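See below for the structure under consideration.
Readers should treat all values here as calculations from the given coordinates under stated rules, not as data from a laboratory. Note that the structure is a prediction, hence the values are computed from the model and not measured. Cβ coordinates were reconstructed from backbone atoms using ideal geometry, including for glycine residues, and neighbour counts include every protein chain displayed.
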RNA sequence: GUAGAUAUAGCUCAGCUGGUUAGAGCGUCGGAUUGUGAUUCCGAAGGUCGUGGGUUCGAGCCCCAUUAUUUACCCCA
């Protein structure tokens, strides 16, 4: 067999010990906040049936799903003596859309929200509603990797289903804010908008073009600017007059409440129908006002980080109410968190009328932000607290009971597995960031003493075992 | 899917207009020190120059192809 250079798939990464330690630091903070707000943990399988995943994320999303080839001979099926061709020449001519469902029935999960909805429907009889769950697991997207974008990455979701109370939206803002501040990412903006506000804007323009064209265009405003959006809309069949009216509405400035009032006035003059269920902007504005009131009553004090952003659209097609996104202002990175309310995601699995709302942190992007801003605490790395030096065979045997006592006292420790040069052993401790080295050569052993060296200072103390244990515990 | 950039030691990168034996820093290993790391000093190992072809007396350098990586677009955590 020829030797080959080892490699890992594009967009995936190994996490070494130091990186895992720092990732766990982030996971820990998020998990603690989720649990503090009453969310319970849930895990779902890596693989889902494609029928569960497809059609939930829009056309783009479907293309980004990783599909898993059926096991066995995926071209033929055998029942008894009858062999049936799974894929016919006609299928091949018809293209991938025709062939795919016949050779792949499973896929890697694309996010945690849809599997959650699936879980809720399958377990509706046993769950107590409103059901609050959090979930920290990897997801996969067959995207082109680039800065801050991976093909395998972790999401940390918190969702509630079975209530349409806007208290949940308000609590999402509270959780977002708490996590970011705990991580030291104080320069952030929590953006909030409402799908129905967008719907009302669409209606105010006179119903030209399609809603999705409009939404994706205005979502790009901060990226391509007003001219870019005008150009894009012109190409999608929007009149100049409509575009002007759009920017009148988008241009509303001021604080959260001011924006609400000015949009309300704008919708009234544009003649947006308040009772029109498909474009009920007034409901959207009311919802946002309600969330704001909840936050005030709770005593939320980070309003400078909360922004009602009329241009926030978000691509995932299942959102129906409030939508969220978080941007870290002093790092050039896509959003580190996103979410929103979905009124009928469980409806796709046969359980209509169950509203849910939730959001997700992208740990990998948070990690990149913390690293760029140097916000990791310095001491996340090592697990071993004490290295026991190994002089010679006799010393090795003598140190084993000591090792045991260290561990029973709760001190992470290891005996260097080979006898020999102390220089090498100290180098090992240094490279691994182990703070203490315990030595007992023949001299110390004769006196029933130990030498404890503090690596950072280089100081050594001669102590009894009891003193060593006491000192290392501190 | 579209467009650009890059590929030289374990890592980060030099390498002039195409010209002798391809270099540095860091890391690794050995020694100065057979009971002491990080600091200091001395030394050593480590290269099919991504792969395949072409041009040339001669290619790490020029040309073509290919693969991988990466950035941007689309979309998203």
Measure out, as a whole number of angstrom, how far apart the alpha-carbon centroids of region A:423-474 and region A:222-256 sit. 69 Å
Segments A:81-91, A:383-393, A:17-27 sorted - mean Cβ within 10 Å per residue, highest first: A:383-393, A:17-27, A:81-91
Using only Cα atoms, tell me the angle between helix A:281-298 and the longest principal axis of chain A; keep it within 0 to 90° and round to the nearest 10. 30 degrees
First check a/c for region A:34-192, with a ≥ b ≥ c the square roots of the eigenvalues of its C-alpha gyration tensor; if it is under 1.5, answer rounded, and if not, answer prolate when a/b is larger than b/c or oblate otherwise. prolate
Rounded if a/c is under 1.5, else prolate if a/b is larger than b/c, else oblate: which is chain A, with a ≥ b ≥ c the root eigenvalues of its Cα gyration tensor? prolate
Can you give me the angle between helix A:240-250 and the longest principal axis of chain A, using Cα atoms only, in degrees from 0 to 90, rounded to the nearest 10? 50 degrees
What is the angle, in °, between the Cα long axis of helix A:393-408 and the longest principal axis of the Cα atoms in chain A? Nearest 10 is fine, range 0 to 90. 50 degrees
Report the relative contact order of region A:398-470, percent, no decimals, based on alpha-carbon pairs under 8 angstrom and at least 6 residues apart. 20 percent
Which percent, nearest 5, of DSSP beta bridges in region A:366-457 are antiparallel? 40 percent
Please work out how much length the chain gains when fully extended from residue A:407 to residue A:236, using 0.36 nm per residue of separation minus the C-alpha to C-alpha distance, in nm with one decimal. 54.7 nm
Would you mind getting me the FRET efficiency between residue A:147 and residue A:24? Use the beta-carbon distance for r and R0 = 22 Å, nearest 0.05. 0.40
Counting pairs of alpha carbon atoms under 8 Å apart in space and at least six apart in sequence, what relative contact order in percent does chain A give? 15 percent
At a Förster radius of 35 Å, what calculated FRET efficiency corresponds to the Cβ-Cβ distance of residue A:473 and residue A:373, to the nearest 0.05? 0.55
Figure the gain on full extension for residue A:167 and residue A:460 (residue separation times 0.36 nm, minus the Cα-Cα span) and round it to one decimal in nm. 99.7 nm
Estimated FRET transfer efficiency (residue A:393, residue A:47; beta-carbon r; R0 60 Å; 0.05): 0.70
Order by protection proxy (mean Cβ within 10 Å, highest first), peptides A:46-52, A:97-103: A:46-52, A:97-103
Roughly how many nanometres apart are two label points built 7 Å out from the Cα toward the Cβ at residue A:447 and residue A:99? 7.9 nm
Classify region A:371-474 as rounded, prolate or oblate from the Cα gyration tensor: take a ≥ b ≥ c as the square roots of its eigenvalues, call it rounded if a/c is under 1.5, otherwise prolate when a/b beats b/c and oblate if not. prolate
For region A:1-58, the convex hull over Cα atoms projects on average to an area in nm² of 8.3 nm²
